[in-house]
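What follows is a set of notes on a single structure, which appears directly below.
Throughout, read-outs are computed from the coordinates displayed, never taken from laboratory work. From a predicted model like this one, the values you see are computed outputs, not experimental measurements. Here Cβ is always computed from backbone atoms with ideal geometry, including for glycine, and neighbour counts include all displayed protein chains.
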Amino acid sequence: MEFQQQVMQAVGMIRTQYLGYPNVGVILGSGLGAFIDYIDVEHEIPYSEIPHFPVTTVEGHSGKLIFGKIGNKSIVIMAGRFHAYEGYSPKEVVFPIRVLKMLGVQQLFISNAAGGVHPDFNVGDLMVIRDHISFAIINPLIGPNNEAFGPRFPDMSEPYSKTLIAKGHEAALKLGYTLKEGIYFGVTGPTFETRAEYKLIRTLGADAVGMSTVQEVIAGVHCGMNIFAMSVITDIGIREEENRITHEDVLAAATEAEPKLTAIFKEIIESL
Ligand code: HPA
């Protein structure tokens, strides 16, 4: 079956349960699920019940669409997302982005856990993503283009909305949080990087590195969404001493920083 038909079937099923048109979509990264506490939840649908929707396999990702409100804003949250390292094809990774688009999403908020390579970064820092570098990641738009979603050759001069970035800084200032800004380097994982790779990533001009986000952003840009993305720095790549990184450390650091990230997202969404 064609990708477009699969998207339509998924949307059709969702429409049998939820009739709202959320303008805002939120994708929550590893250990960053508590955003849901801010939402007046109207409806939830497990991914497993949506036709063609992939199902998450990573610890810390629960796997459902949550519909609700923040103030008077209708919002849909992806609690759990899909990564290339789980074995999903690029098209599967971005399937939900197409579904969100068809449900009405114009503003997409993305969170992730990332390793810091900027020398001034510390574990627990928040970094708003200004731009990204896609490294060894298969572009999800490879294959026949669906003009209904967007152009064959999308412009990528402003993948992350300058307006939303400015709002992010305003929100952080208002809340009294320090918010870094930088360039996210997307890798496939699932290995964390070697010392040499962290150094290379820094040399190539990035500030943080992670295993998600890039394919979703490409699909979102392709279909005209405004995107805001923020990383929690959960580990520091460049250091000469003992440098073991575990998924547990990443989850712990993300959970610790989560209230701040969540508050910033909420503040921006309320200001839209
Ligand atoms: N590298 C890649 N992905 C990550 C990291 C990292 O150091 N930390 C969290 N996700």
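General remarks:
- To the nearest ten degrees, helix 3-17 and the longest principal axis of the Cα atoms of the chain are 70 degrees apart.
- Cα gyration tensor category, rounded, prolate or oblate, for segment 76-136 with a/c compared to 1.5: prolate
- Overall form of segment 217-272 per C-alpha gyration tensor (a/c, 1.5; a/b vs b/c): oblate
- Cα→Cβ-extended label distance, 7 Å offset, between Ser89 and Val55, nm: 2.0 nm
- Segment 129-272: C-alpha gyration tensor shape, a/c 1.5 cut-off, then a/b vs b/c: oblate
- Converting phi to 3J(HN,Hα) with the Karplus coefficients 6.51, -1.76 and 1.60 and the offset θ = phi - 60°, segment 77-85 yields 10, 8, 8, x, 9, 10, 10, 4, 5 Hz in sequence order, with x at every glycine or proline.
- About its Cα centre, the chain has a charge dipole of approximately 680 debye under the convention of +1 per Lys or Arg Cβ and -1 per Asp or Glu Cβ, with nothing else charged.
- The angle between the Cα long axis of helix 247-271 and the main principal axis of the chain comes to about 60°, on a 0 to 90 degree scale.
- Those residues of segment 218-232 whose amide nitrogen sits under 14 Å from the label point placed on Asn145, 7 Å along Cα→Cβ: 219, 221-224
- Taking 18 Å as the limit for the C-alpha separation, the pairs Lys199/Lys260; Lys162/Lys199; Lys180/Lys260; Lys64/Lys260; Lys64/Lys180 exceed it in the case of Lys199/Lys260; Lys162/Lys199; Lys64/Lys260; Lys64/Lys180.
- Values of log10 I(q)/I(0) for the chain across q = 0.07, 0.10, 0.15, 0.16 Å⁻¹ run -0.22, -0.46, -1.09, -1.25, by the Debye formula with one identical scatterer at each alpha carbon and no solvent.
- Think of it as helices only: each DSSP H run of n ≥ 4 in the chain is worth -39500 (n - 2.57), and spread over all residues that comes to -10000 deg cm²/dmol at 222 nm.
- Comparing Gly176, Gly63, Gly210 in a Gaussian network model of the chain, where Cα atoms under 10 Å apart are tied by springs, the biggest mean-square fluctuation is seen for Gly176.
- Between 0 and 90°, nearest 10: helix 90-103 axis offset from the chain longest Cα axis: 50 degrees
- Couplings for segment 213-221, taken from phi via the Karplus curve 6.51 cos²θ - 1.76 cosθ + 1.60 with θ = phi - 60°, read 6, 4, 5, 5, 5, 4, 5, x, 4 Hz in order; Gly and Pro are left as x.
- Expected-Rg normalisation [2.2 N^0.38 Å, Cα atoms] applied to segment 1-127: 1.09
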